[in-house]
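Structure record follows, encoded as C-alpha cells.
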Amino acid sequence: MAKIYGLIILVAILGGVGYAAKYYYDTTQATIATLRENNSKLEVAVDTAEASVETLQGDMAKLASLNKGLQEDLQKAEAYGDELRGKLSRMNLTVEALRDAKSLEGKMNGATAKLWRGFMDDTGNTNDYPLPDWLQQVPTGTGDQSGDTGGESSDTGSSSSEASSTN
C-alpha cells in the first residue's frame, strides 16, 4: 500500500509540476501577446510624433520667413510714415486750405481712398471698388496744375504704398 500511496503522491507532484508549467506557459504567451500589441501601438505613436515634429519644424521655418517679411514691411511702413510726417511738417495746410479748399479736399479724399484700397489689398480683399460718392472730383482747369483728376493725388505716394509690398 505504501507503494500505491507513493505512486499517487508522485503522480500528484508530476501533475502539479505539469499544471504549473502549463500555467507559466499560458501566462507568458498572454504577456508576450500584450507586449506585442503595446509595441505596435508605440511604434504608431512614435511615427505620429516624428511626423508632428517634422511638421512643426517646417511650420517654424515658414513662420520665421513670414516674420522676417513682416518685419521688413514694418520697417518700410515706419519709413513711409516718417516720410509722410516730414511732408506734413513742411506743408502749411491752413494756407493751402484757404487758398484752394476744394482741391485740398479732393487730394485728401483721394489719398484716403488709396490708403483704404491698400489696406483692403493687404488683407486679401481683391474686389476693385469704384471711387466712393463722397470723394470730391476736382474739375479740370482749376486748382493745382499737377493734372490731378478724380481727386486721387499722386504726390502722396499712397498709390504705391511702400508698406503694402507683399507680392
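What the table below lists for this structure:
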quantity: Search result, residues across segment 88-108 that are surrounded by 12 or more Cβ atoms within 10 Å (Cβ to Cβ) and within 28 Å of D122 (Cα to Cα); calculated: L104, E105, G106, K107, M108
quantity: Exclusive hit being within 26 Å of N127 (Cβ to Cβ) and of a type in the set (A, V, I, L, M, F, W, C), set A64, A111; calculated: A111
quantity: Residue in segment 67-89 that is over 37 Å from the mean Cα position of the chain (by Cα), without any contact (Cβ under 8 Å) to a residue 60 or more places away in the chain and either part of a helix (DSSP H, G or I) or assigned by TED's automatic domain parsing to the domain that holds F119 (or both) present; calculated: yes
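The values are calculated or read from the model by the stated rules, or taken from the named source; none is laboratory data. It should be emphasised that the depicted structure is a prediction, and the values quoted were computed from it without experimental measurement. Quick reminder, even Gly has a Cβ in these numbers, built from the backbone with ideal geometry, and neighbours come from all protein chains shown.
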